[in-house]
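What follows draws every value from the coordinates through simple rules; no lab data is involved. Model, not experiment: these values are computed from the prediction. Positions of Cβ are backbone-derived with ideal geometry, glycine not excepted, and every protein chain shown enters the neighbour counts.
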Amino acid sequence: MRHLLAALALTTLAGTAAAAPAELLKPMAFLAGHCWKGMFADGKTTDEHCFFWMYGGSVLRDTHTVRRPGKPDMTGESTYFVDTVGNHLAFLYIENGGGSSRGTVESLPEALLFPDTQYVSDGEALVYRARWTRQGDKAYEAWSEAQGPDGWTTMFKVVLKRTD
């Protein structure tokens, strides 16, 4: 009976709109309920992220698609949540090529910082970090760097604009 009640509670929470996001998720609230799209430097490749609240505002879901002409889409999903053990904002990222990441997000006055973490795919690991800088209510810049033998290098820098 206890399991049935827990399942019912989760089902009820999953179907509710977010009344207010969890405190640590509030810096990401501007993203929720919108899709954001940016063009990479090659002028052909796009990245689109769509953010939705889940479980009454305790989780933020980010689905994304990278479209490259003549190649299959790359898709992924990030789930942002409060890690109550460490009392910080955490994420889990999984993508259609089999890769994944787990990391944290720090809220700075001017940006969201994704400290060094690992992307793991096919037994290989890539250490990366990112920074999202809000540009008003309708855009943010995503900048990602990878650690290599000679230090940090930019993987990409793209401005994503709200599409609605």
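A few comments on the model shown:
- For segment 48-89 and segment 122-164, distance of Cα centres in Å: 14
- Sorted by Cβ density within 10 Å, fewest first, the residues Phe40, Phe81: Phe40, Phe81
- Couplings 3J(HN,Hα) of segment 149-164, computed from phi: x, 9, x, 8, 10, 5, 7, 6, 9, 9, 9, 9, 10, 4, 9, 9 Hz, in residue order, whole Hz [Karplus 6.51 cos²θ - 1.76 cosθ + 1.60, θ = phi - 60°; x for Gly and Pro].
- With helices as the sole contributors, the chain gives -2500 deg cm²/dmol at 222 nm; each DSSP H run of n ≥ 4 counts as -39500 (n - 2.57), and the sum is divided by every residue.
- Inter-probe distance in nm under a simple model that places probes 7 Å from Cα toward Cβ, at Val85 and Ser58: 1.7
- Debye-sum result for the chain in log10 I(q)/I(0), which assumes one identical scatterer on each alpha carbon, at q = 0.09, 0.14, 0.20 Å⁻¹: -0.33, -0.79, -1.52
- Residue-wise HN-Hα coupling along segment 124-131, computed from phi with Karplus coefficients 6.51, -1.76, 1.60 (Hz; x: Gly, Pro): 10, 10, 10, 8, 9, 8, 9, 8
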